[in-house]
Amino acid sequence: MGRTLQNTMINLGLQNACDEAVYQLGLDMEELEEIEEDAGLGNGGLGRLAACFLDSMATLGLAAYGYGIRYEYGIFNQKIRDGWQVEEADDWLRHGNPWEKARPEYMLPVHFYGRVEHSATGAKWIDTQVVLALPYDTPVPGYMNNTVNTMRLWSARAPNDFNLRDFNVGDYIQAVLDRNLAENISRVLYPNDNFFEGKELRLKQEYFVVAATLQDIIRRFKASKFGSTDTVRTVFDSFPDQVAIQLNDTHPAMAIPELMRIFVDIEKLPWDKAWDITKRTFAYTNHTVLPEALERWPVDLVEKLLPRHLQIIYEINQRHLDHIASLFPNDVDRLRRMSLIEEGGTKRINMAHLCIVGSHAVNGVAKIHSEIVKTQVFEDFAELEPEKFQNKTNGITPRRWLLLCNPGLAELIAEKIGEDYVRDLSQLTKLHEFVDDDLFIREVAKVKQENKVKFALYLEKEYKVKINPSSMFDVHVKRIHEYKRQLMNCLHIITMYNRIRRDPSKLFVPRTVIIGGKAAPGYHMAKMIIKLINAVAQVVNNDPMVGSKLKVIFLENYRVSLAEKVIPATDLSEQISTAGTEASGTGNMKFMLNGALTIGTMDGANVEMAEEAGEENLFIFGMRVEDVTELDRKGYNAQLYYDRLPELKQAIDQIKSGFFSPKEPNLFNDVVNMLFHHDRFKVFADYEAYVKCQEKVSELYLNSKAWTKKVIRNIAAAGKFSSDRTIKEYARDIWHVEPSDLKIPPPNEPRDAAQDKTPNGTAA
């Protein structure tokens with residue numbers, strides 16, 4: 001979520017008033033804002049997307065809630081020591097959190113372990129361990145519409161009789177100390193991005209948030225005027241018309257068997273009725289196609305932790321497979337492929353399959369990704385129910401990612417086209433009229449230059465590094481992962497370095513290359529990549545032959561509040577994942593909206609950015625998805641590229657020989673070995689095209705006016721990538737609710753009494 005103060009002032013239309021009031025007190029608002037800790041309650045794109053969605057849902061007047069876990073420790077703070085990533089605990093609540101309100105009156109029990117007893121009256125889950133879920137509410141204000149929604153985060157609490165209720169002659173002190181075991185559930189965020197780690201505590205977290213949330217939703221449903229008490233119909237007939245639940249990846253997939261358990265075991269609905277309601281309630285968003293990221297929970301673990309849920313999953317699977325067998329008799333391989341249970345070795349539950357079977361809609365997050373989901377990853381399911389599969393291209397909130405972080409640009413745009421674009425970003429197309437306006441071109445370039453100077457000053461103050469604000473700011477910030485190919489960027493840096501040294505008198509367009517992002521603590525290769533970047537930086541930044549032509553910065557502890565500083569200062573945005581691996585990306589959209597040009601592959605939302613702005617206004621290079629598929633068919637041989645490309649050979653030889661690690665010549669052996677022998681993401685295959693494309697970037701940067709014209713065309717084409725547009729599509733195509741642009745009257749104005757009697761419509 002990042003910081004809340006400035007976002008709240010902007011959405012309430014109070015920023016100028018607050019700035020002035022604080023100034024009158026002899027304080028500086030910007031200094032105050034810097035004191036607030038980031039709420040880092042997610043890993044990367046997926047968590048930030050949810051935050052943008054909350055802002056858009058409130059702005060569009062949807063009755064929506066965001067549910068999650070109130071982690072005591074969020075994503076770790078990253079320190080760089082001697083070029084290595086070191087993790088520190090993120091004690092973000094140390095000084096309290098003024099934005100949250102504990103709601104003990106809505107505390108709910110969550111059950112674990114135990115056993116299942118079957119009788120004539122049905123199944124009973126008994127002898128369980130109970131953990132209490134304590135909700136904390138954070139307000140989510142819409143933009144200038146007097147609407148405030150709620151983000152409700154659950155914290156784990158031990159019940160007061162924890163470890164004391166069983167006829168206990170035991171150790172009272174130890175029993176109280178053991179309360180920590182229950183409360184550990186909400187202690188810390190698992191720091192993996194795009195990687196599945198099948199740990200028991202993680203499964204506990206997933207079920208904890210799901211069980212508490214579903215109880216909360218059902219309590220609210222039963223208390224509302226929609227909960228029909230008519231004895232002719234089931235109380236829950238209207239449930240899917242009043243409630244829509246969106247599963248943000250498979251992490252909350254246990255919600256499907258949990259809702260079935262509530263309906264069948266507790267509310268005593270017949271299975272078919274319960275299943276119909278459940279399917280119509282849930283929809284599933286897929287966020288990745290990487291096999292190592294897919295959640296596959298061991299059956300043994302689920303059986304121990306959630307025995308009744310395993311039985312329900314088996315029943316769902318049995319009925320699902322019976323249906324497939326009736327359509328495709330004798331096709332046992334199809335049954336194996338489509339089963340929710342994977343046999344062979346340890347039996348596992350494929351959570352994506354559970355989500356697809358238990359949802360009425362499944363979507364990818366960019367056109368190309370949704371195609372891959374349909375035709376490759378889940379092709380059997382798409383063949384069965386093609387109408388279930390949709391696309392919803394991701395977006396970003398223009399409130400945080402333009403108004404808040406880049407007020408200079410936001411104001412400049414408002415001068416030309418008015419202020420309405422903030423709620424309707426498609427209006428940015430009006431900027432096309434000004435693409436040849438010399439004054440506007442100069443003003444856009446001036447805002448960018450001011451942002452660069454400001455960021456350079458920040459870097460100097462915080463990190464004691466001096467950079468040249470007139471150099472091109474070439475920025476690559478995102479989680480560190482092999483598929484995102486920070487290594488390819490690194491090879492380009494080495495290539496530029498070698499070119500400068502080979503011919504120091506030759507014209508070279510000065511660059512500051514900024515790379516930032518966190519590596520999962522257990523991801524060895526990602527940590528080696530950080531070390532390599534820092535080792536290269538050490539050599540490049542201290543070579544007198546290079547001087548100020550090339551500087552390399554590793555940006556420590558990349559997070560939302562740092563993104564808000566670096567993105568507005570960026571000239572070139574690096575979006576260079578192997579085609580077919582980045583589901584969408586959202587950083588790409590933030591850079592586009594803030595006046596950077598993109599160098600990127602035809603992957604994720606880059607494809608649609610090129611479609612909107614015109615491919616000639618992005619620097620697109622490298623293999624397309626088809627080329628990658630063809631190369632896989634032929635067999636990727638890295639050695640071929642090494643032998644054919646002298647500059648690639650030189651760069652790799654330098655890494656291999658210890659040129660960048662003279663004290664430990666073999667330090668990067670693992671990296672080099674991976675690049676030659678098991679590089680799933682084919683860095684060498686795109687190296688040549690990437691370097692050539694970078695030459696075009698430098699050439700254009702020399703012509704400031706031509707560069708800025710492309711910048712304006714990009715900003716003018718960024719309207720599609722508002723999360724407001726994304727949420728309108730979810731609302732109409734999946735949730736079946738209508739967004740409202742009605743501004744609720746402020747609380748100090750009396751409301752029309754007749755209006756109060758009108759029902760507000762459907763809840764999402």
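Some points to look at:
- From the largest down, the chain spans 89, 67, 59 angstrom on the principal axes of its Cα atoms.
- The order of the peptides 360-367, 720-727 by mean Cβ neighbours within 10 Å, most packed first, is 720-727, 360-367.
- Relative to the longest principal axis of the Cα atoms of the chain, the long axis of helix 200-223 makes an angle of roughly 60 degrees.
- Here, the stretch 120-261 yields an orientationally averaged convex hull projection of 13.7 nm² when only Cα atoms define the hull.
- Distance (nanometres) between label positions extended 7 Å along Cα→Cβ at L25 and Y113: 4.9 nm
- 0 to 90° range, to nearest 10: angle between helix 646-657 axis and the chain longest Cα axis: 70 degrees
- The stretch 25-76: GluC sites (Glu not before Pro) in DSSP coil with no more than 15 other Cβ atoms inside 10 Å: E34
- Most to least packed among 323-334, 583-594, 274-285 [average Cβ atoms within 10 Å]: 583-594, 274-285, 323-334
- Value of Rg to Rh for the stretch 447-718, rounded to two decimals, is 0.94; Kirkwood radius and Rg both from alpha-carbon coordinates.
- In the chain, the longest principal axis of the Cα atoms and the axis of helix 683-701 are about 60 degrees apart.
- Cα gyration tensor, the stretch 75-184 - rounded (a/c under 1.5), prolate or oblate: oblate
- Near-label residues of the stretch 518-534 by backbone N, under 17 Å of a point 7 Å along Cα→Cβ of N498: 533
- Ellipticity estimate at 222 nm from DSSP helix runs (n ≥ 4, -39,500 (n - 2.57)) divided over the chain, nearest 500: -12500 deg cm²/dmol
- Qualifying chymotrypsin sites (Phe, Trp or Tyr not before Pro) in the stretch 165-203, DSSP loop, other Cβ atoms within 10 Å at most 16: F167
- Relative contact order (%) - criterion: Cα under 8 Å, at least six apart; region: the chain: 15 percent
- Projected label distance in nm at A123 and T346, using a 7 Å step from Cα toward the beta-carbon: 2.2 nm
- Expressed as a whole percent, the accessible area of the chain that falls on carbon and sulfur atoms is 53 (1.4 Å probe).
- Set of the stretch 399-425 residues, backbone N closer than 13 Å to the point 7 Å along the Cα-Cβ line of D437: 411-419
- Counted over the chain, the DSSP beta bridges are approximately 45% antiparallel.
- Cross-link reach list, aspartates and glutamates versus K692, counting only Cα pairs under 13 Å and skipping chain neighbours closer than eight places: E647
- Lys pairs under 28 Å by Cα in the stretch 236-392, provided they are eight or more residues apart or on distinct chains: 16
- When Rg and Dmax are taken over the Cα atoms of the stretch 310-384, they come to 12.9, 37 Å.
- Note on R220 and N146: their simple-model spin labels are 2.2 nm apart, each label 7 Å out from Cα toward Cβ.
- Mean separation of Cα contacts under 8 Å (6+ apart) over length of the stretch 447-718, as relative contact order %: 21 percent
- A protection proxy built from the mean count of other Cβ atoms within 10 Å ranks the segments 664-670, 677-683, most packed first, as 677-683, 664-670.
- Sequence-distant lysines (8 or more away, or on other chains) whose Cα lies within less than 22 Å of K466: K79, K446, K448, K452, K454, K531, K549, K551, K565
- Using 0.36 nm per residue and subtracting the Cα-Cα separation, the extra length available between S470 and D322 on full extension is 46.6 nm.
- FRET efficiency, N669 to H95 (Cβ-Cβ, R0 45 Å, nearest 0.05): 0.50
- A Cα-only calculation for the stretch 236-392 places Rg and Dmax at 15.2, 43 Å.
- Remark: the stretch 236-392 carries 38 Å² of accessible area per residue (probe radius 1.4 Å; ligands, DNA and RNA excluded).
- DSSP-assigned coil residues among GluC sites (Glu not before Pro) in the stretch 317-373, each with at most 16 further Cβ atoms within 10 Å: E343
The values are calculated or read from the model by the stated rules, or taken from the named source; none is laboratory data. Please read all numbers here as calculations on a predicted model, not as lab measurements. Note: ideal-geometry Cβ built from the backbone for every residue, glycine included; neighbour counts use all protein chains shown. Remember, those area values only see protein heavy atoms, side chains included, never the ligands or the DNA or RNA. Shrake-Rupley method; radii C 1.70, N 1.55, O 1.52, S 1.80 Å.
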